[in-house]
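Heads up: the structure comes next, in structure tokens.
The values are calculated or read from the model by the stated rules, or taken from the named source; none is laboratory data. Given the structure is predicted, the values throughout are model-derived calculations rather than measurements. Methodologically, a virtual Cβ is constructed for each residue, glycine included, from the backbone with ideal geometry; neighbour enumeration extends over all protein chains shown.
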């Protein structure tokens with residue numbers, strides 16, 4: 001079942017998501033002494049990261065892991081870890097961050113990162129984005145990686161550059177204790193309509209989601225129904 005928080009603007013949706021995530025991080029640390037969180041790249045989460053960084057949390061107990069990574073060399077401007085560093089990690093240096101070694105190539109990087117997360121029982125929070133085709137992390141519609149049962153999967157033939165990526169698998173995202181997706185903008189309205197109608201898109205296959213969206217991404221007058 002989807003849970004919806006609809007805000008009037010992108011900024012408001014980002015702040016609402018940050019408020020919610022902060023509560024969940026705190027709860028995980030209180031319950032288990034540590035929080036393991038999957039985090040997104042791309043452009044959408046920048047404002048959410050800024051708002052989250054203002055929270056008075058025990059940051060040294062938070063471990064963050066990219067949901068996916070693009071197979072570029074270390075430091076490439078289009079890598080997700082570069083975006084995450086600039087907008088989040090640089091503000092909170094005590095966070096434990098575990099980058100994906102995508103520079104090794106998709107297959108070798110996926111194998112290496114499987115070993116990195118082997119000790120993580122379940123991720124407490126999977127904070128994700130969503131593309132205009134309904135993909136999340138680097139799990140694209142119709143891609144063979146969707147059916148891969150490893151914890152971290154090599155992704156080839158991505159419809160968006162670069163063609164090679166690595167991604168947390170569908171299995172890992174489904175098993176996370178909590179999933180959060182932040183979406184904004186009228187460019188997402190069409191795919192949001194499909195999601196709300198139950199279309200079998202990758203993002204609709206990962207389980208219950210706490211959605212944080214702006215009104216422009218819905219482009220309708222009624223409340224979401226699913």
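Here are the numbers for this structure:
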| read-out | value |
| --- | --- |
| Any hit, the range 49-61, residues being touching a strand residue (DSSP E or B) at 6+ places or on another chain (Cβ under 6 Å), in contact (Cβ under 8 Å) with a residue 40 or more places away in the chain and crowded, with 20+ Cβ neighbours inside 10 Å | no |
| Selection status of residue 18, outside any strand (DSSP E or B), farther than 23 Å from residue 175 by Cβ and in contact with a helix residue (DSSP H, G or I) (Cβ under 9 Å, 6 or more places away or on another chain) | yes |
| Filter result (surrounded by fewer than 18 Cβ atoms within 10 Å (Cβ to Cβ), in a helix (DSSP H, G or I) and in contact with a strand residue (DSSP E or B) (Cβ under 8 Å, 6 or more places away or on another chain)) within the range 87-110 | 107 |
| Flag for residue 84 being at pLDDT 95 or above, surrounded by 15 or more Cβ atoms within 10 Å (Cβ to Cβ), in a strand (DSSP E or B) and touching a strand residue (DSSP E or B) at 6+ places or on another chain (Cβ under 9 Å) | no |
| Lone unmet requirement of (1) over 21 Å from residue 38 (Cα atoms); (2) assigned to a helix (DSSP H, G or I) for residue 198 | (2) |
| Qualifying position, being buried (at least 23 other Cβ atoms within 10 Å of the Cβ) and farther than 30 Å from residue 194 by Cα, among 113, 72 | 113 |
| Test result for residue 28, part of a helix (DSSP H, G or I) and either within 16 Å of the chain's Cα centre (by Cα) or more than 18 Å from residue 128 (Cβ to Cβ) (or both) | no |
| Lone unmet requirement of (1) touching a strand residue (DSSP E or B) at 6+ places or on another chain (Cβ under 8 Å); (2) over 18 Å from residue 179 (Cβ atoms) for residue 125 | (2) |
